[in-house]
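Asks: Let me give you the structure first, and then I'll get to my questions.
The values are calculated or read from the model by the stated rules, or taken from the named source; none is laboratory data. Fair warning: this is a prediction, and the values are worked out from it, not measured in the lab. Here the Cβ is made from the backbone with ideal geometry for all residues, glycine too, and neighbour counts use every protein chain on show.
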Amino acid sequence: MGIIKLLKNSLIGLLILSAFLLVSCSNPRNNSASNGNKVNNQSLPNGDSTPKLEETISQTTNGNPSSSEVITDIANWNHPVKDVLNKYNIRIMKIELLNNKQYPIFNVEFDPVYRLDTQGAKYFDTLLKSIASANGYWNFKVVDDKNKFVFDVECNKEKKNVIEIVVNGKSSLLKEMIDYNGQMVNNWDKATEYLTKAVPEIKQFEEQLSKDSTGKVTLTMRLDGVPDKYSDSQYKDFYCIYVGENHPDHTVRWNTFYVNEDLNKIMVEGIITGDLITLEQWRKENANKVSEPSKAADKGMKISEDEAITIINDLIRENKIILTQPNCEVQNFGTTTEDNMSYYIIRIAYIDPNNKEYTTTLARYWVSDTTGEVFQEDLWTGNISKVSFD
């Protein structure tokens, strides 16, 4: 009797357990990470939620992903994401489709001008959010093996937004960079105030400009860069402040000053070499020149400043120079001399729509004042190379 009772109880328990498992397995809302339904839910158009990014990444790296496909024929691949990447002038190498072809990995090559610093952060943030929209807010990854960038992007399909961007394994890095940059920009007025007090030559130059032009030419000061602790540039500790002449249709650089974040150090960019020199050295080298308008250096040039700007604008119009950012402006950055040759320095600047006083240099070109030949300056090394636009 004891054995029969035990078997009976065991049978009842087994029936109850089987019924529970049957209900649990047939419930379409069971998205627990343990059985993988949350990950597989990404392939279901009517799923309740977008899978967590770490679960999607795990699915793409564990064993055999479901329904994987690799697209290498980029010319015949058509998708809204392709339009975004082409707009940003990004080279598409291949696309890997995982998880029932709902999780794409875009293998690309970025323009080398974009680094992982605060200037690049805005670019990458805007780009990735544009890709997310074009991709219907499915999770995705962007990989650039050449420049060593990996962006994992988690989205919310229902709310149509980006939840998180992981950069090279670090969460929220782009937001951190952009917030830091905003803090630096908000403090630039303190840097200019410190500069004008510490360098009275600026006031002298302003007075001389007004006198020589009967008030038609005024002084301009603009922010060309802010401290960037994420950068490896030699200027990463400084506010870069352009000081020059403001003409009705263009500006001419007089000098560029660098003020450190602590507001206790000023450096000056050498007009010819581009190297940073101390304020004391700059004063010695310009003892009798600081009050002279820099426009005097333009005498004898065969190509005018406006013509040099037109040369760069024409190259942009012909798509020989590609602008990958909105709100760009072509500006004269001054003049310089190299190997007894004179050049106009023309820069392409990004103008922050929320703060037009803040500009970022995207590229600098040197235009020969005699031949009109164009050379490009490497913003990181300072090297100059002739550009062929054939």
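Asks: Quick check on the stretch 62-77. Is at least one of its residues in contact with a strand residue (DSSP E or B) (Cβ under 7 Å, 6 or more places away or on another chain), modelled with pLDDT of 80 or more and in a helix (DSSP H, G or I)?
Replies: So far as the stretch 62-77 goes, yes, one or more of its residues are in contact with a strand residue (DSSP E or B) (Cβ under 7 Å, 6 or more places away or on another chain), modelled with pLDDT of 80 or more and in a helix (DSSP H, G or I).
Asks: So is Leu219 assigned by TED's automatic domain parsing to the domain that holds Trp282, surrounded by 17 or more Cβ atoms within 10 Å (Cβ to Cβ) and part of a helix (DSSP H, G or I) or not?
Replies: So Leu219 does not fit the description; no.
Asks: Let me ask something else about it. Can Val162 be described as without any contact (Cβ under 8 Å) to a residue 24 or more places away in the chain, in a strand (DSSP E or B) and on the phi < 0 side of the Ramachandran plot?
Replies: So Val162 fails the test.
Asks: Please find, among Ile163, Ile131, the residue that is within 18 Å of Gln325 (Cα to Cα) and at pLDDT 95 or above.
Replies: So the residue among Ile163, Ile131 that is within 18 Å of Gln325 (Cα to Cα) and at pLDDT 95 or above is Ile131.
Asks: Is there a residue being at pLDDT below 95, in a loop (DSSP other than H, G, I, E, B) and farther than 24 Å from Lys229 by Cα anywhere in the stretch 102-112?
Replies: The answer is yes; a qualifying residue exists.
Asks: Limited to the stretch 247-266, what total is found for residues that are at pLDDT 85 or above, part of a strand (DSSP E or B) and surrounded by 16 or more Cβ atoms within 10 Å (Cβ to Cβ)?
Replies: Result for the stretch 247-266: 7.
Asks: Could you tell me whether Asn139 is at pLDDT 90 or above, polar (S, T, N, Q), touching a helix residue (DSSP H, G or I) at 6+ places or on another chain (Cβ under 6 Å) and within 30 Å of Leu98 (Cα to Cα)?
Replies: yes
Asks: Would you confirm, using the coordinates I've provided, whether Ile90 is surrounded by 18 or more Cβ atoms within 10 Å (Cβ to Cβ), at pLDDT 95 or above and either over 27 Å from Leu379 (Cα atoms) or of a type in the set (Val, Ile, Thr) (or both)?
Replies: No.
Asks: Same structure, new question: If you take the residues of the stretch 101-130 that are in contact (Cβ under 8 Å) with a residue 60 or more places away in the chain and over 29 Å from Tyr235 (Cβ atoms), which of them is surrounded by the fewest Cβ atoms within 10 Å (Cβ to Cβ)?
Replies: Ranking the qualifying residues of the stretch 101-130, first place goes to Gln102.
Asks: Please indicate, with yes or no, whether at least one residue in the stretch 195-202 is touching a Phe, Trp or Tyr at 6+ places or on another chain (Cβ under 6 Å) and closer than 28 Å to Ile309 by Cβ.
Replies: Among the residues of the stretch 195-202, at least one is touching a Phe, Trp or Tyr at 6+ places or on another chain (Cβ under 6 Å) and closer than 28 Å to Ile309 by Cβ, which makes the answer yes.
Asks: Okay, next question. Within the stretch 267-281, take every residue that is at pLDDT 90 or above and in contact with a helix residue (DSSP H, G or I) (Cβ under 9 Å, 6 or more places away or on another chain) and give me the one that is nearest to Val217 (Cα to Cα).
Replies: My answer is Val268.
Asks: Now for a different question. Just need a number here: residues in the stretch 191-202 that are exposed (fewer than 13 other Cβ atoms within 10 Å of the Cβ) and either assigned to a helix (DSSP H, G or I) or modelled with pLDDT under 90 (or both).
Replies: 2
Asks: Glu261 fails exactly one of the following numbered conditions: (1) free of Cβ contacts under 8 Å to residues at least 12 places away in the same chain; (2) touching a Pro at 6+ places or on another chain (Cβ under 9 Å). What is the number of that condition?
Replies: Going through (1) free of Cβ contacts under 8 Å to residues at least 12 places away in the same chain; (2) touching a Pro at 6+ places or on another chain (Cβ under 9 Å) one by one, Glu261 breaks only (1).
Asks: Ok, one more. What number of residues within the stretch 222-246 are surrounded by fewer than 17 Cβ atoms within 10 Å (Cβ to Cβ) and either part of a loop (DSSP other than H, G, I, E, B) or β-branched (Val, Ile, Thr) (or both)?
Replies: 5
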